[in-house]
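Taken together, the values in this text are just the output of simple stated rules run on the coordinates, not laboratory data. Because the structure is predicted, anything quoted here is derived from the model rather than measured. Cβ atoms come from the backbone with ideal geometry, glycine included; neighbour counts cover every protein chain shown.
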Amino acid sequence: MRRPSALAVSLMIVLAAIVVLSSGAFAGPRRIPSADRLPRGNWTYDAMINLAAAGLVPGYAARVFEGDRIFNRIEMAEIIDRIIASAEGSILSPDKVGIINKLALEFRPELAEFAPEALEDWSERSAGLAVAGGAMLMGYVQSALDKSTVTDDGRTIVPYRISGFANLSGRAFGLATWADREEKFLNEFRNESTLAKVLIKGFDENFIWEIGRDYLHWGPAYSGSLILSDNSAGFVQAQGIKEIDFGKLLGRLKITQFTGTFEDRGERLYLFGRRYERPLSRRWYVGISETAKTSRAPNPLILVLPFYLYQHLFLDIDEEFNTLYSADLLFRNPRGQEFYGELLIDDITAPRIFGDRFDRPRKTGYLLGFHLPKAFGSAQSSFRAEYIFIDPLTYSATRDDLPELAYIHDTDVIGHPIGPNAKGIYLRAEHYFNEKFSTIIEYLDQRPTDPGITDTGAPMRGTRKVLSAQLAYDIRPGRSITVRIAPFESETPTGDRGSGTAYSVRASLSF
């Protein structure tokens, strides 16, 4: 049977898309909650820093949102519920009303599922208030004593993040962020010292859109997503989120899609991603994601075709395109305890069950974890554990002579921060002794997946053991002092060993 031409396939897909669009399948407000973890650097943290510094986030100092803790969407919705409840009867400035209004729009499905009264109360209260127009600054500035804040030429870096928030209308805002020394994962930092993020974001009844430079993270994992993590710097993108009803077969799905571009190794590259989410019940959440990196300006049909199909229809399979798939599952019980996992498939051409019959290695990874809130008797105490395993060639290019197609952005893996050829155990415990004092302890034991692999063309990982202990004192909601001590041991793939103790003393002023 003769395969239809690419043009014929394209026309059929366009016609199918028109039929779906005209069928009313997109009708109805957003109502699918998500358990995805919010990216580091997400605009929500900027907003929370501002509200917490003003004393409007009960039980939380602004420091918590400066990178000390990363939240998922359900946890953030629970905090917004607190904000709305505590604001009842108080007089809020138009700026604060505008920020809370945008948070309520962002987390509408999660609030509708877990705090419907708060969403209804805020909708009624904000309806008569002016929530459009106005601009403000929010963020933090730190005075830090840390070896890594002194450059080779003797210059001292002052860590900061300052965001300009413009309330464009009742359903849209703009945000620009300048940052330096933002924390990534476990005592690693990005030295931004530039415009780290600039975006315009809008909300409709069943559509969220965003244009600009931003960070992304998909899935429930705390240490980093296997397929799309906030480990690398942000990139220019256009993003849309919409819920579509596919009828009895698939039901209603939340679909997130983005189109991004950046330069790496002197090449103009394009990054695409699409994520499907659906709660199986009030306790179970499932997501399926696909991403693609290409060195060729794409055909518009990439916006509707599965990336693997698009690759086979329009591109040279090995030379212009690299695609990855992942699936994640999370269970959340009534006490808020979470158990989750993620499976990544970069290339699965040689499964283990076939032994050594194939010369192409496996390129997969998986992550398993759990989170126990209130683990140590305090409402804000918690314990988390994750196990990560990533095959040696995962995130690498399809061919060694095409490094631009590796899943890399400015030397950082776009996926999980421990990178390929690595397995690790990550533990995190947090405890509040009282309203002022708290501690965070983190531990990472990372080792090579296959110590014998030395010449694969992929960035190799050695061993790393880090124990980080932080003690924080919150003088006021917007004034904090933290001390961190982190002994570590490491060994490179070439056998070079190192050890020592990293330290940091930080005073933070938030606004």
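Each Lys and Arg contributes +1 and each Asp and Glu -1, all at the Cβ; summed about the Cα centre of region 24-510, the dipole is approximately 1020 debye.
The loop-placed GluC sites (Glu not before Pro) in region 425-504, going by DSSP, that have at most 12 neighbouring Cβ atoms within 10 Å of their Cβ come out as E435. Overall size of region 462-511 from C-alpha positions, given as principal axis extents largest first: 47, 17, 11 Å. Put in line by how crowded their Cβ is, counting other Cβ atoms within 10 Å and starting with the fewest, H217, H431, H416 read H431, H217, H416.
So, in Å, what gap is there between the alpha-carbon centers of region 230-307 and region 171-226? Value for the Cα centre distance between the two parts: 16 Å. Note on region 24-510: percent of Cα-Cα distances in each 10 Å bin, starting at 0 and stopping at the bin with the largest distance, equals 4, 19, 30, 29, 14, 4, 0, 0.
Shape analysis of region 162-258 based on the Cα gyration tensor places the equivalent ellipsoid semi-axes at 28, 20, 9 Å, largest first.
Just want to confirm a number: the relative contact order over the chain, from Cα pairs under 8 angstrom separated by 6+ residues, in percent. Don't skip to the answer; put the middle values down first.
Values: 1207 pairs, mean separation 64.0, N = 511.
Reported as a whole number, the value is 13 percent.
Mean residue ellipticity, 222 nm, helices only, the chain: the sum of -39500 (n - 2.57) across DSSP H runs of n ≥ 4, divided by residue count and rounded to 500, is -5000 deg cm²/dmol. Backbone geometry of region 283-290 corresponds, through the Karplus equation with coefficients 6.51, -1.76 and 1.60 at θ = phi - 60°, to 3J(HN,Hα) couplings of 10, 10, 10, 10, x, 10, 10, 9 Hz, x marking Gly and Pro.
Please list, by residue number, every one of the GluC sites (Glu not before Pro) in region 153-243 that is coil in DSSP and has at most 14 other beta-carbon atoms within 10 Å.
Details: sites: E182, E183, E188, E192, E205, E210, E243; in loops: E188, E192, E205.
Answer by residue number: E188, E205.
Mind giving me the FRET efficiency for R125 and E267? R0 is 45 Å, r the Cβ-Cβ distance, nearest 0.05 is fine. Don't skip to the answer; put the middle values down first.
Details: r = 51 Å, r/R0 = 1.13.
Step by step, r from the Cβ atoms, then E = 0.30.
Could you tell me what a quarter of the Cα convex hull surface of region 53-118 works out to, in nm² with one decimal place? List each step's numbers first, then the result.
Values: hull surface 18.0 nm².
That works out to 4.5 nm².
Compactness of region 292-331, taken as the C-alpha radius of gyration over 2.2 N^0.38 Å, stands at 1.33. With a simple spin-label model that places each label point 7 Å from the Cα along the Cα-to-Cβ direction, the separation between D245 and L309 comes to 2.4 nm.
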